[in-house]
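The values are calculated or read from the model by the stated rules, or taken from the named source; none is laboratory data. What you are looking at is a predicted structure, and each value in this text was computed from that prediction instead of being measured. Here the Cβ positions follow ideal geometry from the backbone for every residue, glycine too, while neighbour counts run over all protein chains shown. To get the accessible areas, we keep the full protein, side chains included, count just its heavy atoms, and leave off ligands, DNA and RNA. Shrake-Rupley method; radii C 1.70, N 1.55, O 1.52, S 1.80 Å.
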Amino acid sequence: MNPLSVFLRARYGKDFASRKAIAQHQQKAFQHLRRNIMPRSPFYAHYAGKPLSDWPLMNKALMMEHFTDINTVGITKEEALHIALTSERERDFAPMIRNIAVGLSTGTSGQRGLFASNKRERALWAALMLGRFSPSFLQRQRVSLFLRANNMLYERLGNALISFEFYDLLQSFNSHLQRLADQQPTVLIAPAQILGLLAQAQKERIINIAPRCIISVAEVLSPEDKSAIEAVFGVGVDQVYQCTEGVLGMTCRAGNLHLNEAYMHIERDIIDEASGAFAPIITDLTRETQPVLKYRLDDILIPDNEPCPCGCASLRLKRIEGRCDDILYWRTADGTLRMIPSDLIRQAMATAKTGISDYRTVQHGQKLLEIWLEATDYEQACAEVTRNLAAQAMSVKAQLPELRFHTGIHMQHDQKRRRVISKP
């Protein structure tokens, strides 16, 4: 697999029309993985001839622990950590180990993870993104990337047809606005909360940009945020479901989110039978520097079993529910616990007649739900949200925890936004 074939497939190729076609494609990819990649990893070499069911179940903590033996290029955990931490501290992401770029994940769950990629893998990422989302190649594309760490995954991919400009989320947000206005991006890539702030700046005429493509990354994009951003910029917002472990999914041309089964094998660890909610266990079929095999993510995904108008048979998602640790459970009358979708909380906020511009919820055990609101009329918003949540609890036959309201949401642009949080 090379960047050109990935680009052409994403740009002009047909999606898988059936689950059988996906299975046949992945079977060939597994053969390549077993024959050419796993034998080069000291950790995985002796699993190459064994069935997938015998492979060890991996997670971020184990990946960090065994990083030295997992990677295929002889980089030790210590040297990778040194260069990644130095880059973070000095905000200089150019240094690499030979041609290998290394970096650290954001650590939303409290556990930061190392990731490494070679030039080919970085080119594959760009080919997939540009093939799927770039507006045109008849004119030079200017891409704005709002991220907390640059990594050479991005800027060294620039060429005569495309330029990348990195905006560091650890710097003041306002300090970026003039540079963004000067760049006049044709493609805008940022977390949902940053896209919202840029839309507000555009609305207030602080900036005047006209991107032809907008891509939300790194955070869950709510329907309200999506609509608000699209209303300001006049273009649709696509979503890329990406994490340290790879590109897991992206929106199709019909606007629905599909898992990236052309390049990943995804098993389901079912969390809730009623909704089909599951934690994905992923095997990346393309990565070679740092194999990601049978890796369980902490995300919870809600499947959508309805056929997509785009015709693609790759699994369609209703939504990304959130992290496993942030799933809410409320008690029913008989004392059992019922999973409460984050969408239920979102609807309670969205249907309040008083304008709620932002919210955070933090549940402590099953007894207390703290709610932070940003609203035009705070007292009225509290009353309406209380009524809405009570009605939602009744509809799912669950007991509403005690509610405690607050104002003043502390935003940290360099961290992923979490609107629904669960604490033991």
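Side notes on the structure shown:
- Evaluation of residue 285 against (1) more than 20 Å from residue 16 (Cβ to Cβ); (2) touching a helix residue (DSSP H, G or I) at 6+ places or on another chain (Cβ under 8 Å) (one fails), failing number: (1)
- All positions within the range 370-421 that are modelled with pLDDT of 85 or more, part of a loop (DSSP other than H, G, I, E, B) and not charged (D, E, K, R): 399, 400, 401, 407
- Residues satisfying the stated conditions in the range 8-22, i.e. out of contact with any Lys or Arg (no Cβ under 7 Å at 6 or more places or on another chain) and either under 18 Å from residue 264 (Cβ atoms) or aliphatic (A, V, I, L, M) (or both): 8, 9, 13, 15, 16, 17, 18, 19, 20, 21, 22
- You will find that of 157, 145, 169, 130, the residue that is at pLDDT 80 or above and of a type outside the set (Lys, Arg) is 145 and no other.
- Residue in the range 261-278 that is at pLDDT 90 or above, in a loop (DSSP other than H, G, I, E, B) and open to solvent by 30 Å² or more (accessible area, probe 1.4 Å) present: no
- Being open to solvent by 20 Å² or more (accessible area, probe 1.4 Å) and in contact with a Pro (Cβ under 8 Å, 6 or more places away or on another chain) is not true of residue 284.
- Checklist (1) surrounded by fewer than 22 Cβ atoms within 10 Å (Cβ to Cβ); (2) assigned to a strand (DSSP E or B) applied to residue 248, failing item: (1)
- In the range 213-245, the residues that are assigned to a helix (DSSP H, G or I) and open to solvent by less than 10 Å² (accessible area, probe 1.4 Å): 229
- Any hit, the range 395-405, residues being in contact with a Gly (Cβ under 9 Å, 6 or more places away or on another chain) and surrounded by 17 or more Cβ atoms within 10 Å (Cβ to Cβ): yes
- Residues located in the range 349-368, provided they are in contact (Cβ under 8 Å) with a residue 40 or more places away in the chain, assigned to a strand (DSSP E or B) and of a type outside the set (Ser, Thr, Tyr): 358, 360, 362, 363, 364
- Meets criteria (in a strand (DSSP E or B) and surrounded by 19 or more Cβ atoms within 10 Å (Cβ to Cβ)) for residue 290: no
- Identity of the residue in the range 332-348, free of Cβ contacts under 8 Å to residues at least 60 places away in the same chain and surrounded by 15 or more Cβ atoms within 10 Å (Cβ to Cβ), that ends up farthest from the chain's Cα centre (by Cα): 348
- Among helices (runs of 4 or more DSSP H) entirely within the range 41-99, having at least 3 residues that are at negative phi and open to solvent by 60 Å² or more (accessible area, probe 1.4 Å) singles out 77-90.
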